[in-house]
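Student: One structure is given below, represented as structure tokens, and several questions about it will come after.
The values are calculated or read from the model by the stated rules, or taken from the named source; none is laboratory data. These numbers were taken from a predicted model, which means no experiment stands behind them. So basically every Cβ, Gly included, is an ideal-geometry build from the backbone, and we count neighbours across all protein chains shown.
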């Protein structure tokens, strides 16, 4: 069969489709977005009626995926690493209910924080939930793990995590497909109380999960994703997890690797293979593209084992790995080639950070907000996750916080409670329906003196213009939550409306209660999106 | 055979189209390839790069090791310097000379060009100007690719075939404009 040229993220989507998936549930987030987009744009997925519409947030996605699994069908839930924080309640408890149809939770981590606010390692969540984790080293493994992951999930009736990182998600390589499998029929769980986590039942279910763990380890021992490569130089053994294996092998394209290597692609760790490596080698180097989770495990609290990695400085404590870092850890680095940019060249290379697009509505809204706030002084604008976070940079310097999805409204409320009045929240339309609405209820219930600016551009912009669950609903949602309709004000953020915007903002900032101001203009990146333009016309949003 | 290329530019300048064209050409010649891209936040006008690896043998890492890169192909002059720690000493810099100025502190262009010229193997071409001259101002990225083709171990015809496939949906006119752009860039490299 002709190989397909796929991003790692796309390979996971293709593997899941070919493995008999009936639905994917997700909220966009770099670097996971392309998984769901691939399913949305794929004709075969349409023919097979595979669900792929975006969810309002990662928690609703996780729960919908669990519901599809309950009904016996194969489902995949996708998110970026911080999305799993949002979905954590459902995720941890799904390990207690277990699954019925195969259930994959695919999480894309972002070491080095290319597009994120932290670099948390989702393998900790997998360990916390006590479920099997798969971690691909290549696009082909990404495909295979999604394909076989459903079968692993159904073997143990347990959700399975696929953990991968930005570098693999956004790198293309050839992938070979496997035969297309049928989707499952609708079948209810054989145990009618499996999903009812009343304490008495939950205790029983939890014991079942604990009893399954030996089976998970046994499966890891036999897994083709874990491999022990024998070696003659046993002064050092190497454990390479996921993508780190490639970076290791990059250093041995011309010379032979003489150390024994344990390549890990499935957790929990294959115990006997780890024991063998620890016994036959004097020292062990652990390569993980994330937190030092395995290193910490094997080193022990008292650090009695001769284990090297991120914790003893053999590798940097943070950031993503690369071939050069591993060469250095193995003392292979050669001085022959230039590996530094000369200082005189460094001096003339200017930083080029991302910026809001020329003509973006957020810019006009910020310019007005900065002026309207000038009477009150700095330090009172709480922002959120989206393109408008770039308002933190010069020349705007318009915001004072960016923490997590929805935190703008609740942090503004808390600051107002402390006496910072007025406090302002800046949030996008999609982020508002993701996690902003519940915070707005808190503010309304206490008539908090905050001004919430929902910068509405009809899309999830930062991730590339995906559908926004808020489209055409924002005023009704705010009214429903209890915001006084007289203090819900919509305007068009354009340079020519600057004075009008400043006037509206000044008035609402002075109001002693919750006001919602909505600068509304389409994201300029989506102007060619025919389906969106049609919806905007239908909803009469212009 | 192995060729490691870093494609450099600014989000929105079309380096992913260059990558797709080389990728198609590589597939048609049964070469192994890995191509790491930048998506997300940096695409909004920030510095972007793509690591493109081609080989007759299987490839291990998605990232090119520093000091191991054969070609830095850049659609913007300053961006070509950002990755020279990756370039081999005798590796090639092939870059467009027209700056993309979207920051207030963009350095003096002549100084940038002078620093590029300090390297051993360099091709600097005004891809924007060439693209305008052939009546296809939006194809400057493909002009730059054309100038790199002599150093990539793929037959020139395969690049042309790749362009036909990639721009298929956009029609004959766009295909021909891009093929002409590719040839114009190639001519600069051949005339050196």
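Student: Working only within segment A:487-514, note down all residues that are assigned to a helix (DSSP H, G or I) and over 23 Å from residue A:417 (Cα atoms).
Tutor: Within segment A:487-514, A:495, A:496, A:497, A:498, A:499, A:500, A:501, A:502, A:503, A:504 qualify.
Student: Do we find that residue A:284 is in contact (Cβ under 8 Å) with a residue 12 or more places away in the chain and touching a strand residue (DSSP E or B) at 6+ places or on another chain (Cβ under 6 Å) in this structure?
Tutor: When the stated conditions are applied, residue A:284 passes them.
Student: Out of all the residues in segment A:159-169, is one or more farther than 30 Å from residue A:389 by Cβ and either crowded, with 24+ Cβ neighbours inside 10 Å or within 13 Å of the chain's Cα centre (by Cα) (or both)? Outline the logic, then answer.
Tutor: Start the filter on segment A:159-169 by keeping residues that are farther than 30 Å from residue A:389 by Cβ, which leaves A:159-160.
Next, only the ones that are either crowded, with 24+ Cβ neighbours inside 10 Å or within 13 Å of the chain's Cα centre (by Cα) (or both) stay: A:159-160.
Looking through segment A:159-169, at least one residue is farther than 30 Å from residue A:389 by Cβ and either crowded, with 24+ Cβ neighbours inside 10 Å or within 13 Å of the chain's Cα centre (by Cα) (or both).
Student: Can you give me the number of residues within segment A:388-406 that are without any contact (Cβ under 8 Å) to a residue 40 or more places away in the chain and in a loop (DSSP other than H, G, I, E, B)?
Tutor: Number satisfying all stated conditions: 8.
Student: Facing chain A (nearest Cβ under 7 Å) and within 21 Å of residue B:188 (Cα to Cα), is that true of residue B:89?
Tutor: Judged against the criteria, residue B:89 is not a match.
Student: Only one of these is without any contact (Cβ under 8 Å) to a residue 60 or more places away in the chain and surrounded by 24 or more Cβ atoms within 10 Å (Cβ to Cβ): A:26, A:16, A:11. Name it.
Tutor: Every option except A:26 fails the conditions.
Student: Right, another one. Can you pull out the residues in segment B:59-81 that are touching a residue at least 24 places away in the same chain (Cβ under 8 Å), in contact with a helix residue (DSSP H, G or I) (Cβ under 9 Å, 6 or more places away or on another chain) and facing chain A (nearest Cβ under 9 Å)? Can you show your working first?
Tutor: Step one: of segment B:59-81, the residues touching a residue at least 24 places away in the same chain (Cβ under 8 Å) are B:59, B:61-64, B:68-81.
Among the residues that remain, those that are also in contact with a helix residue (DSSP H, G or I) (Cβ under 9 Å, 6 or more places away or on another chain) are: B:59, B:61-64, B:68, B:70-75, B:77-78, B:80-81.
Those that are touching a residue at least 24 places away in the same chain (Cβ under 8 Å), in contact with a helix residue (DSSP H, G or I) (Cβ under 9 Å, 6 or more places away or on another chain) and facing chain A (nearest Cβ under 9 Å): B:59, B:61, B:62, B:63, B:64, B:68, B:78, B:81.
Student: Within segment A:91-110, can you find the residues that are buried (at least 21 other Cβ atoms within 10 Å of the Cβ) and out of contact with any strand residue (DSSP E or B) (no Cβ under 6 Å at 6 or more places or on another chain)?
Tutor: Within segment A:91-110, A:91, A:94, A:95, A:97, A:98, A:99, A:100, A:110 qualify.
Student: A further question on this structure: Pick from A:393, A:378, A:420: which is over 30 Å from residue B:65 (Cβ atoms), away from chain B (no Cβ under 14 Å), exposed (fewer than 15 other Cβ atoms within 10 Å of the Cβ) and out of contact with any strand residue (DSSP E or B) (no Cβ under 8 Å at 6 or more places or on another chain)?
Tutor: Details: A:393 fails: away from chain B (no Cβ under 14 Å); A:420 fails: exposed (fewer than 15 other Cβ atoms within 10 Å of the Cβ).
Residue meeting the stated conditions: A:378.
Student: I've got another one for you. Hey, which of the strands (runs of 3 or more DSSP E) in segment A:154-268, taking only ones fully inside, have at least 1 residues that are within 14 Å of chain B (Cβ to nearest Cβ) and at pLDDT below 95?
Tutor: A:171-175
Student: Quick check on my filter: what residues within segment B:106-133 are within 14 Å of chain A (Cβ to nearest Cβ) and in contact (Cβ under 8 Å) with a residue 12 or more places away in the chain?
Tutor: Across segment B:106-133, the qualifying residues are B:106, B:107, B:109, B:112, B:113, B:115, B:116, B:119, B:120, B:121, B:122.
Student: Among the residues in segment A:289-312, are any under 20 Å from residue A:236 (Cα atoms), within 13 Å of chain B (Cβ to nearest Cβ) and not in a loop (DSSP other than H, G, I, E, B)?
Tutor: no
Student: Right, here's the next one. Among the helices (runs of 4 or more DSSP H) contained in segment B:88-168, which hold 1 or more residues that are surrounded by fewer than 23 Cβ atoms within 10 Å (Cβ to Cβ) and at pLDDT 95 or above?
Tutor: B:109-117, B:127-133, B:156-166
Student: Check A:427, A:341, A:385, A:409 and return the single one that is within 31 Å of the chain's Cα centre (by Cα), in a loop (DSSP other than H, G, I, E, B) and either touching a residue at least 40 places away in the same chain (Cβ under 8 Å) or within 11 Å of chain B (Cβ to nearest Cβ) (or both).
Tutor: Within the list A:427, A:341, A:385, A:409, the selection yields A:385.
Student: Same structure, new question: Which of the residues spanning segment B:44-58 are outside any strand (DSSP E or B) and more than 7 Å from every other protein chain (Cβ to nearest Cβ)?
Tutor: Within segment B:44-58, B:56, B:57, B:58 qualify.
Student: Separate question: Out of A:94, A:64, report the one residue that is out of contact with any helix residue (DSSP H, G or I) (no Cβ under 9 Å at 6 or more places or on another chain) and part of a helix (DSSP H, G or I).
Tutor: A:64
Student: Still on this model: I'd like to check something: does segment B:17-34 contain any residue that is crowded, with 24+ Cβ neighbours inside 10 Å, more than 10 Å from chain A (Cβ to nearest Cβ) and within 17 Å of residue B:100 (Cβ to Cβ)?
Tutor: No.
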